[in-house]
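Read-outs throughout are calculated quantities, based only on the coordinates presented, and are distinct from any laboratory measurement. Because the structure is predicted, anything quoted here is derived from the model rather than measured. Reconstructed Cβ throughout: ideal geometry from the backbone, glycine too, with neighbour counts over all protein chains shown.
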Amino acid sequence: MQANFNRVEGAPRMKIDEPVVKKLLSENEAFQRLWARHLRYEQQIADLDRIHHLTPEQEFERRTLQKLKLAGKDEMAEIVRQAGAP
């Protein structure tokens, strides 16, 4: 079953296999760390998005956070893929 976690507040926005993710969140420390980091990056980006005029430093920080968030999302997707493989 594919689930879109856009509907779950505070969850990373990606299509993933919900039962596998729930299992990984309860059993896999690396996945738990990636998940928490992803949520933290999302919150930091949202905080910056509330600022109407970002300084160049803030713009750089936002772009960096977006790249870090995407890299973590890719890592989580790979873990989910491996965990869901028969």
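Data for the structure
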| read-out | value |
| --- | --- |
| Segment 65-77 - phi-based ³J(HN,Hα) in whole Hz, Karplus 6.51/-1.76/1.60, Gly and Pro as x | 4, 4, 5, 5, 4, 5, 4, x, 4, 4, 4, 4, 4 |
| For segment 20-31, Karplus couplings with θ = phi - 60° (6.51, -1.76, 1.60), whole Hz, Gly/Pro x | 5, 4, 4, 5, 5, 5, 8, 10, 10, 5, 5, 5 |
| Full-extension gain in nm, E59 to D74, via 0.36 nm per residue minus C-alpha separation | 3.1 nm |
| Net charge, L54 excluded, C-beta distance under 14 Å - Lys, Arg +1, Asp, Glu -1 | -2 |
